[in-house]
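Encoded as structure tokens, the structure appears first; notes follow it.
The values are calculated or read from the model by the stated rules, or taken from the named source; none is laboratory data. Quick caveat: nothing in here was measured; it's all calculated off a predicted structure. We place every Cβ from the backbone using ideal geometry, glycine too, and count neighbours over all the protein chains shown. To get the accessible areas, we keep the full protein, side chains included, count just its heavy atoms, and leave off ligands, DNA and RNA. Shrake-Rupley method; radii C 1.70, N 1.55, O 1.52, S 1.80 Å.
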Amino acid sequence: MKPEYLFRNTISYDYLPYILLPIFCYFLILPSIFIRRINLDFLFQNEKINYLILILFPFIIFSLFYLTPYTFNTFIYGAESMRAGGGSGSEYFMLPPTKLTTFAVGIAMFYPLYLFFLFQQIVTKGSKLLIIIMITGVISGIIGGLVFATRDRFIYIIFYLLLFYWLWLPYFDNHVKLIVNRTIKFSIYICFGFFSWITFDRFGDGFSEFFKSTLFYYGAQPYIFAEIYSKSQVHGLNYIFPLFFDGKGLIDKSSPEYWMWGTLFQNLFFSGGILFCIIFVLFHSIFSSTFFNYFHRLNFIYLIYLILYFQIVSHGVFYYNLGFPGGNNYLIGMIFFGIVMFFFNKAKV
């Protein structure tokens, strides 16, 4: 990283944060060595899942139709204008701050779950209606990303495809494997197409700018973390848990260290400083390693925890993107879903 690439930031020459960040990251991924591919037989001939998908259908449709018109702004004004939030027509950029918007965006956020159950329906040869519903749910997740002209969601979808492919691989016959492989290839082409278009629109045309802007985001991360470490900028737990703690709306986030990527630990440092980062990685490593080792029989609870772990770690390459009220609600919703479905699946009803 040349110093001129970081002209928006103050470079810190304190060596400690440059050492701590990779150590934190290694502790974050350490529990992954204990992840098991669990027995998914409980998802076969499971009418409860079919009923759940049918219940979700009207909510997914609402989210899709509510959010889709706002994606036109991204295509009309361009991704760069959407991210800047200004210029001609800027009054059309933002979703209205209503409960309906919160609900629609929230439903779209569950696209990892929809994608998992899409695999389940394909593998178990479910009805075409249920498969279409889950495809619609995944599309609503894509729409939810296009509304804000974000690129990361297209990367995450590829990550989830690989995770769920691995989970379901023992259940593939030749026909299903062919369908899944073609679906994954098609999805990767689509995701890469949107990712490239948004990148070119935001950072200039040409492969050189595409490559440089992408490399810069990764290369700048240690410098961003070191900068916030040197400034000791700590705001409290409201920074990542605004649903439970007040005050995040009062934080001035105009400085580059707030909106440039600094990994998950950028957000954790803002929440509680270096001590909070240390406590988090130690607790997380011990708890997640224990959970993956000994609680694989909890079926739904294990699956939800695995998805959330994978989501937070893979997103954490960039930043922690669930630190807003909707993201907090998503975490609660996923955990609640896992617990309810675990006991509901055991019930003899």
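Considering segment 185-292, the qualifying helices (runs of 4 or more DSSP H), each wholly inside and each with 1 or more residues that are surrounded by fewer than 18 Cβ atoms within 10 Å (Cβ to Cβ), among the aromatic types (Phe, Trp, Tyr) and at pLDDT below 90, run over 207-219, 256-259. Taking segment 37-58 on its own, how many of its residues are open to solvent by 90 Å² or more (accessible area, probe 1.4 Å), more than 14 Å from residue 168 (Cβ to Cβ) and charged (D, E, K, R)? Result for segment 37-58: 1.
Inspection of segment 147-155 finds a residue satisfying the criterion of being over 17 Å from residue 105 (Cα atoms), touching a residue at least 40 places away in the same chain (Cβ under 8 Å), open to solvent by less than 60 Å² (accessible area, probe 1.4 Å) and not acidic (Asp, Glu).
Applying the condition of being open to solvent by 60 Å² or more (accessible area, probe 1.4 Å) and over 16 Å from residue 227 (Cβ atoms) to segment 12-30 and asking which residue is nearest to the chain's Cα centre (by Cα) yields 29. When 177, 125 are checked against the criterion of being part of a loop (DSSP other than H, G, I, E, B), of a type outside the set (Ser, Thr, Tyr) and surrounded by fewer than 16 Cβ atoms within 10 Å (Cβ to Cβ), a single residue qualifies: 125. When residue 107 is tested against (1) modelled with pLDDT under 90; (2) among the β-branched types (Val, Ile, Thr); (3) under 26 Å from residue 198 (Cβ atoms), exactly one condition is not met: (1).
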